[in-house]
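Here's the structure, in structure tokens; my notes come after.
The values are calculated or read from the model by the stated rules, or taken from the named source; none is laboratory data. Model, not experiment: these values are computed from the prediction. For neighbour counting, all protein chains shown are included, and Cβ atoms are generated from backbone atoms with ideal geometry for every residue, glycine included.
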Amino acid sequence: MSAETTAKPVPMPFRVVAVVPAVRLKPVATPTSSPAPVPAQPPRWTVRKGSSITFDTVWSGGPVHGGFTRWTADIRFDPAASGASTVAVTVDMASVTTGATEQESALPSEEWFASALHPTAVFKSADIQAAGNGIYLARGTLTPRGRTLPLSLPFQLSIGGSRASMQGSVSIDRTAFAVGQGEWASTADLPAMVKVVVMLKADKGR
């Protein structure tokens, strides 16, 4: 008698599936940066009558004191922010005066200022630093006769309310700018260094 064998079902392993709830993403706001504050521009100063640009030198052994009757100055200055201050002075070179007819007629010529070809000389500075005790140094460039070279002008400044007084002086090498050509290129009768004096009185905000 044969015994019948009945196959038993083999249990299948369970697979656990995790149900993850749906996540709704919220939009993230992009941070907005506020614009950088624009620094205040230093106030403008208007030059008053009585201001002057003069020079002193020696011509053939005799002293010469001269100046310029026509010039303009664009000044933006704040003693609390001198590093952001600027100045631009434009001089009409044909307006030179010395009190001597021969010199006044010669200086605008090609040998000297060449004012027909280069009518103006310009001093510009955007680097004005305080040195203490009301003294400042304006570092910039000077351009006469079409030549531009560095120039630093030290000056004393006094401000009372909306009025200012300034005085500065600097010695300029005329030969570096080719002022004085031909026989006048020599420094025998006319020295290379010419002293220039600037005296200003100005009103703020005019």
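Some notes on this structure:
- Of all residues in segment 69-98 being closer than 12 Å to R44 by Cα and of a type in the set (V, I, T), the one that is surrounded by the fewest Cβ atoms within 10 Å (Cβ to Cβ): T86
- Condition broken by G67, with the remaining ones in (1) more than 25 Å from K204 (Cβ to Cβ); (2) not in a strand (DSSP E or B) satisfied: (2)
- Considering S169, S158, the condition of being exposed (fewer than 14 other Cβ atoms within 10 Å of the Cβ), in a strand (DSSP E or B) and either of a type in the set (S, T, N, Q) or within 21 Å of the chain's Cα centre (by Cα) (or both) is satisfied by S158 alone.
- Checking each residue in segment 125-135 for being over 20 Å from T54 (Cβ atoms), touching a residue at least 12 places away in the same chain (Cβ under 8 Å) and part of a strand (DSSP E or B) picks out A126, D127, I128, Q129, A130, A131, I135.
- Matching residues in segment 172-206 - criterion: being charged (D, E, K, R) and not in a strand (DSSP E or B): R174, E183, D189, R206
- Residues that are touching a residue at least 24 places away in the same chain (Cβ under 8 Å) and part of a strand (DSSP E or B) were ranked within segment 136-155; the one that is farthest from V89 (Cα to Cα) is Y136.
- L117 part of a loop (DSSP other than H, G, I, E, B) and modelled with pLDDT of 95 or more: yes
Conditions (1) more than 21 Å from the chain's Cα centre (by Cα); (2) at pLDDT below 90; (3) surrounded by 14 or more Cβ atoms within 10 Å (Cβ to Cβ), marked per residue:
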site	(1), (2), (3)
P9	yes, yes, no
A18	yes, yes, no
P43	no, no, yes
P63	yes, no, no
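- Subset of segment 122-136 that is under 12 Å from the mean Cα position of the chain (by Cα) and of a type in the set (A, V, I, L, M, F, W, C) - its residue that is nearest to F68 (Cα to Cα): F123
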